[in-house]
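S.K.: I have a structure here, written as structure tokens, and I will follow up with some questions on it.
The values are calculated or read from the model by the stated rules, or taken from the named source; none is laboratory data. As the structure is a computational prediction, the values presented were derived from the model and not from experiment. Note that each Cβ is placed from the backbone with ideal geometry, even for glycine, and that neighbours are counted across all protein chains shown.
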């Protein structure tokens, strides 16, 4: 496992070293070599003691349920072509109920990590210690993907198959807004510099915005079937997007003027880097690329051949962080393009969304692994 040590987190299940013994009047029954229990079931005192023991067991079970299934791995990962490894990192995975298939993920305004559940049509959130998981249902068939925090302090979610944008308060109150164009397939979402939530409409070949009050405005992207999936805010106050259908990255000025730049391969997700440039993934060719505000594109191949960088975010450390498929790696990229990888221990997790959590750690979604995970 490339130097990784598996250390699954569990409660201490050791038996006591002594023996439980009670003075009995009638008889003594030995339960095993180490324990003896006075079974005075006819007396009230015995029943009270038994109830107290059951109560203590229940408290232990509740504590175990909070961490059941959690897995932690720490160490060094040496993968790829020798460009390096992420040293001294620890990765912890937290399972999500059922076949939820978490997709998008973001840091919430309440100190929790929020994520969309594509298969179960829910939105979930988990605290940074992983001990409290809450799931909030959307309309059946919503299949949400993109999720972001709005200027109003609410979570905004793209219901990709439901053709809606959902607003979810931190308390879990859901309001859904239908899109004006059928089969728009909203995808990635991001907070814009104007305080609105912006999103890509892959099926409608548009980018769109929704106000905190729910007013939706759509802007058709120039080109033949541009298929804009993801959006982000640029350092110049524009809205950037990937036009995967035309191999372009583009931006739209506040007045509605579009500018697009050709990319060597199909772009997928994108984010604003600490260097003021927009960084994006080229999943079909195994590269991460950087585009300057004036359109100069530079590509960087990922270390492990055959992997596909997928979703990308800016880290608290000034680096870019991305998920890789199908290689089960988390990728770190400096603004100079130096890359390192961390191997996720779960086999074939199908890594998806990635974000910086409220605790400044890297959090990501394992879509097939059915986990959300923390890298610190």
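Quick grid of which residues meet (1) under 21 Å from the mean Cα position of the chain (by Cα); (2) within 13 Å of residue 156 (Cα to Cα):
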residue	(1), (2)
191	yes, yes
196	no, yes
199	yes, yes
215	no, no
220	no, no
229	yes, no
235	no, no
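S.K.: Does the stretch 163-180 hold any residues that are part of a loop (DSSP other than H, G, I, E, B) and crowded, with 17+ Cβ neighbours inside 10 Å, and which are they? First the steps, then the outcome.
M.R.: Filtering the stretch 163-180 for residues part of a loop (DSSP other than H, G, I, E, B) gives 163, 169-173, 179-180.
Those that are part of a loop (DSSP other than H, G, I, E, B) and crowded, with 17+ Cβ neighbours inside 10 Å: 163, 179.
S.K.: Given the condition modelled with pLDDT under 95, over 22 Å from residue 147 (Cα atoms), touching a strand residue (DSSP E or B) at 6+ places or on another chain (Cβ under 8 Å) and surrounded by 23 or more Cβ atoms within 10 Å (Cβ to Cβ), answer yes or no: does some residue in the stretch 343-363 qualify?
M.R.: The answer is yes, given that some residue of the stretch 343-363 is modelled with pLDDT under 95, over 22 Å from residue 147 (Cα atoms), touching a strand residue (DSSP E or B) at 6+ places or on another chain (Cβ under 8 Å) and surrounded by 23 or more Cβ atoms within 10 Å (Cβ to Cβ).
S.K.: Something else: Report yes if residue 96 is over 27 Å from residue 244 (Cβ atoms), in contact (Cβ under 8 Å) with a residue 40 or more places away in the chain and under 21 Å from the mean Cα position of the chain (by Cα), otherwise no.
M.R.: Working: over 27 Å from residue 244 (Cβ atoms): yes; in contact (Cβ under 8 Å) with a residue 40 or more places away in the chain: yes; under 21 Å from the mean Cα position of the chain (by Cα): yes.
The answer is yes for residue 96.
S.K.: Within the stretch 96-162, which strands (runs of 3 or more DSSP E) (wholly inside it) include 2 or more residues that are closer than 24 Å to residue 192 by Cα and in the same structural domain as residue 367 (by TED's automatic domain parsing)?
M.R.: Working: elements: 102-107, 113-117, 122-126, 133-137, 144-149, 155-159.
Once the strands (runs of 3 or more DSSP E) in the stretch 96-162 are filtered for at least 2 residues that are closer than 24 Å to residue 192 by Cα and in the same structural domain as residue 367 (by TED's automatic domain parsing), what remains is 102-107, 113-117, 122-126, 144-149, 155-159.
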